[in-house]
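Below you'll find the structure, written out as structure tokens, and then a few comments.
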Amino acid sequence: MNPLITEIFQDDSMSDDQADLLYSKLKKIHLRKNEFLLKANDEVNDLYYVHQGCLRSYIIDLEGKEHTLQFAVKGWWISDYIALYGKTKTSAVSYIQSIKDATIYRISKLEFDNLCIALPKVANVNKRKMELAFASFQNRILENLTLSAKQRYLNFINAYPNISNDVKNYHIASYLGITTESLSRIRKEISTRS
């Protein structure tokens, strides 16, 4: 079976025909570092699977300040979910930008929905991924409400152990909801205790 399909859907029991059908719906995209996948107000119809690299989803508030919503690394899906799944907003509210060179695969939501109907295994994988994503987003809200900035940073480096060197300090700070100065103090404090 196609190794990419096994990677994406974490299932090597699909038939070759099913794997071929899935693969035929995926469109490969290469992004260079700092290249945009989506910008605010773009039309959103697709889901994106990260095969290599790292992407960042963020919004810009009315004062021009960036707020990082998500990092997506190998094995993660990303899109502007408000536009993709929302009922009132159909254009992007966020920006999605590559932090380093990336290879991603695009599939339209309509085609993916049709695949979920035709192939129950795909629907099950999608359901599980959505459950994990929802739990992750809810956990992040709880952490922001209840944990110190230091503990949020420690949780971040545990969740994203391989990207902290590729991500700029202000990206991490905006994800954690702190200033870059606070992040520097936290890093210094942690390194002196090690």
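Here are a few things to note about the model shown:
- GNM on the chain, alpha-carbon springs under 10 angstrom: the most fluctuating residue among Leu145, Leu26, Leu119 is Leu145.
- Within a Gaussian network of the chain (alpha carbon springs, distance under 10 Å), most fluctuating of Ser79, Ser108, Ser13: Ser13
- Going from the residue with the fewest nearby Cβ atoms within 10 Å to the one with the most, Ser57, Ser91, Ser191 rank Ser191, Ser91, Ser57.
- Cross-link table Lys74/Lys121; Lys25/Lys121; Lys87/Lys121; Lys74/Lys127; Lys25/Lys87; Lys74/Lys168, entries beyond 23 Å C-alpha to C-alpha: Lys87/Lys121; Lys25/Lys87
- Partners of Lys89 within straight-line reach, counting lysines whose Cα lies under 22 Å from its Cα and excluding those fewer than 8 residues away in the same chain: Lys39, Lys65, Lys109.
- Total charge dipole magnitude, region 3-120, about the Cα centre, Cβ charges on Lys, Arg, Asp, Glu only, Debye to nearest 20: 440 debye
- Residue order, fewest to most surrounding Cβ atoms within 10 angstrom, among Phe71, Phe112: Phe112, Phe71
- Cut-off under 5 Å, modelled amide H: who pairs with Asp42 long-range: Ala92
- Straight-distance crosslink candidates among aspartates and glutamates, where the alpha carbon sits under 19 Å from Lys150 and sequence neighbours closer than 8 are dropped: Glu181, Glu189
Laboratory data are not the source of any read-out in this text; all were calculated from the coordinates shown. Please read all numbers here as calculations on a predicted model, not as lab measurements. Positions of Cβ are backbone-derived with ideal geometry, glycine not excepted, and every protein chain shown enters the neighbour counts.
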